[in-house]
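Remarks on the structure that follows.
The values are calculated or read from the model by the stated rules, or taken from the named source; none is laboratory data. Small disclaimer: the values here were computed from a predicted structure and weren't measured. Cβ placement follows ideal geometry from the backbone for every residue including glycine, while neighbour counts extend to all protein chains displayed. With ligands, DNA and RNA removed, areas are computed over all heavy atoms of the protein, side chains included. Shrake-Rupley method; radii C 1.70, N 1.55, O 1.52, S 1.80 Å.
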Amino acid sequence: MPSKELIVHSLLQNQWVHGTDLAETLGTSRTAIWNNITVLKNRGYDIESNQKEGYRLVSIPKFLYPELVKYKLGTSFIGRNIIHYMSTGSTNDDARELCNKGAHAGTVVIAEDQTKGRGRCNRSWTTSVGKSIAMSLILKPEGKKPREAYQFTMMTAAGISDALMSFDVKNVSIKWPNDVLINGKKVAGILTELNGEMDMIRQLIIGIGINVNQDICDFGQTLPDATSVKIETGVTADRLRLIQTAIRCIDARYVQLMRHGFDDILNTLKQRCCSIGKKIHFNLAGAEGAVTVKDIASDGGLMVIDDSGNIKTLYSGDIQFV
């Protein structure tokens with residue numbers, strides 16, 4: 001664990017930490033500790049010091065630094081390694097580059113600002129600096145086939161909805177396959193990108209955007225169906241606690257999927273899916289039409305019925321409520 005991370009965790013756990021104790025724990029000099037403290041102050045940590053008692057953490061920065069996100073995270077897989085950018089084009093692009101350099105599965109890429117964030121069907125995803133969560137997960141699910149990749153999108157949607165509900169957010173639902181809604185408005189979106197072969201997934205990059213503390217004016221007239229946790233609850237959310245909760249919940253769902261299969265996640269999707277029974281317009285590889293959603297199939301596909309009574313199952317594509 002890097003020295004700065006150990007120092008931050010020690011300061012979070014204790015009211016005062018003496019420089020000598022930190023130096024002994026890290027196997028370094030007090031001068032090195034002082035240098036790291038200076039770096040942390042420059043990163044926005046308010047750290048008080050005196051010669052007798054050592055160092056005390058007064059307040060933490062507003063940014064989602066790795067050492068803060070990892071503090072008592074307690075996941076079994078996702079979040080083993082966390083990369084943080086103040087600004088980037090796309091966390092999914094960054095994650096792909098990291099994969100090419102040998103990044104381990106479970107790595108999380110977080111950005112405070114995205115200039116080229118994107119959603120499904122080449123839509124853009126707007127990030128409000130300091131008010132939203134933009135992150136990508138690197139997964140390498142052994143034994144899974146490309147046709148099962150969309151199950152990981154729905155696994156992620158289930159995990160995000162779990163996290164929001166644990167914050168006592170009401171009326172959380174999932175719009176198949178990749179949107180999470182509050183009171184019928186979009187609060188989170190998921191973009192899953194696959195690298196694999198015919199019979200195996202090499203890696204999945206799952207991009208996640210969550211609107212946390214935006215106000216209505218942050219969305220403007222171009223995003224009338226968007227919302228945030230703050231808008232829906234009337235309370236400013238703790239962004240750090242929410243990203244930690246989201247990572248924990250997605251990690252739990254990932255373990256569930258890999259160890260026990262898709263059934264439990266499917267049950268959650270059926271309970272929370274706002275699409276069932278609704279009339280929708282779908283667009284899939286040029287084929288489109290108006291149908292009614294009948295159910296979610298056992299493998300996660302969307303069962304729909306047209307006006308002639310024909311039933312088909314959708315596994316990808318774009319759907320909009322009519």
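May I ask you to derive the FRET efficiency for Ala297 and Glu197 from their Cβ-Cβ distance with R0 = 30 Å, giving the value to the nearest 0.05? It would help to have the intermediate numbers written out before the result.
Values: r = 25 Å, r/R0 = 0.83.
Calculated transfer efficiency: 0.75.
Any idea what the dipole of the chain comes to, in debye rounded to 20, about its Cα centre with Lys/Arg Cβ at +1 and Asp/Glu Cβ at -1? Before the final figure, lay out each step's value.
Values: 38 positive and 34 negative charges, 31 e Å.
I would put it at about 140 debye.
Go through Ala149, Leu191, Ile319 and say which Cα lies farthest out towards the positive end of the charge dipole of the chain; charges sit on Cβ, +1 for Lys and Arg, -1 for Asp and Glu.
The Cα lying farthest towards the positive end belongs to Leu191.
Calculate the translational D of segment 46-91 in whole µm² s⁻¹ from Stokes-Einstein, where the hydrodynamic radius comes from the Kirkwood formula applied to all Cα pairs, the temperature is 37 °C and the viscosity 0.692 mPa s.
247
Can you tally the net charge around Arg259? Count Lys and Arg as +1, Asp and Glu as -1, for every other residue whose Cβ sits under 14 Å from the Cβ of Arg259.
Numbers: positive: Lys144, Arg253; negative: Glu142, Asp251, Asp263, Asp264.
Charge balance near Arg259 sits at -2.
How much net charge surrounds Ser275 when only the other residues with a Cβ under 12 Å from the Cβ of Ser275 are counted, with Lys and Arg +1 and Asp and Glu -1? Could you put the intermediate results ahead of the total?
Details: positive: Lys175, Lys270, Arg272, Lys278, Lys279, Lys294; negative: Asp179, Asp295.
Cβ neighbours under 12 Å give a net charge of +4.
Report the calculated FRET efficiency for Asp264 and Lys72 (r = Cβ-Cβ distance, R0 = 22 Å), to the nearest 0.05. Numbers along the way, then the final one.
Numbers: r = 26 Å, r/R0 = 1.18.
The computed FRET efficiency comes out at 0.25.
Would you mind classifying segment 188-322 by shape? Square roots of the alpha carbon gyration tensor eigenvalues, ordered a ≥ b ≥ c; an a/c under 1.5 is rounded, otherwise it is prolate if a/b is larger than b/c and oblate if not. Walk me through the numbers before you get to the answer.
Values: a/c = 1.82, a/b = 1.21, b/c = 1.51.
Note, shape of segment 188-322 comes out oblate.
What length, rounded to one decimal in nm, is gained on full extension from Gln13 through to Asp238, with 0.36 nm per residue of separation minus their alpha-carbon distance?
Numbers: separation 225, 0.36 × 225 = 81.00 nm, distance 1.91 nm.
Here the segment from Gln13 to Asp238 would lengthen by 79.1 nm.
If I build a Gaussian network model for the chain, linking alpha-carbon pairs within less than 10 angstrom, which residue out of Leu194, Leu204, Leu242 has the largest mean-square fluctuation?
Between Leu194, Leu204, Leu242, it is Leu194 that shows the largest mean-square fluctuation.
Which entry in (1) 1.22; (2) 1.10; (3) 0.96 matches Cα Rg over 2.2 N^0.38 Å derived from the coordinates of this structure?
Calculated Cα Rg over 2.2 N^0.38 Å: the matching label is (2).
For Phe219, tell me the accessible area in Å² from a 1.4 Å probe, rounded to the nearest 10.
Rounded to the nearest 10, the figure is 20 Å².
In terms of solvent-accessible area of protein heavy atoms at a 1.4 angstrom probe, what is the ranking of His281, His84, highest value first? Each step should come with its number before you reach the end.
Values: His281 70, His84 40 Å².
Sorted descending by solvent-accessible area, the residues read His281, His84.
Extension gain Lys278-Gln320, at 0.36 nm per residue separation less the Cα-Cα distance, in nm? Could you put the intermediate results ahead of the total?
Values: separation 42, 0.36 × 42 = 15.12 nm, distance 0.99 nm.
Working it through step by step, the gained length comes to 14.1 nm.
Can you give me the relative contact order of segment 157-211 as a percent, contacts being Cα pairs under 8 Å and 6 or more apart? Walk me through the numbers before you get to the answer.
Working: 80 pairs, mean separation 13.1, N = 55.
Once normalised by length, the contact order is 24 percent.
Can you compute log10 of I(q)/I(0) for segment 221-273 with the Debye formula, treating each Cα as one identical point scatterer, at q = 0.20 Å⁻¹?
Taken in order of the listed q values, log10 I(q)/I(0) reads -0.90.
For segment 155-213, I need the span (max minus min coordinate) of the C-alpha atoms along each principal axis, in Å, sorted largest to smallest.
41, 19, 18
If the chain between Glu288 and Ser308 were fully stretched, how many nm would it gain, using 0.36 nm times the residue separation less the Cα-Cα distance? Don't skip to the answer; put the middle values down first.
Values: separation 20, 0.36 × 20 = 7.20 nm, distance 1.52 nm.
Result: 5.7 nm gained on full extension.
Specify the residue with the greatest mean-square fluctuation among Arg239, Arg272, Arg43, computed from a Gaussian network of the chain linking alpha-carbon atoms under 10 Å apart.
Ranking Arg239, Arg272, Arg43 by mean-square fluctuation puts Arg43 first.
Choose one of Thr38, Phe262, Ser228: the residue whose Cα lies farthest towards the positive end of the charge dipole of the chain (beta-carbon charges +1 Lys, Arg; -1 Asp, Glu; about the Cα centre).
Towards the positive end, the residue furthest out is Thr38.
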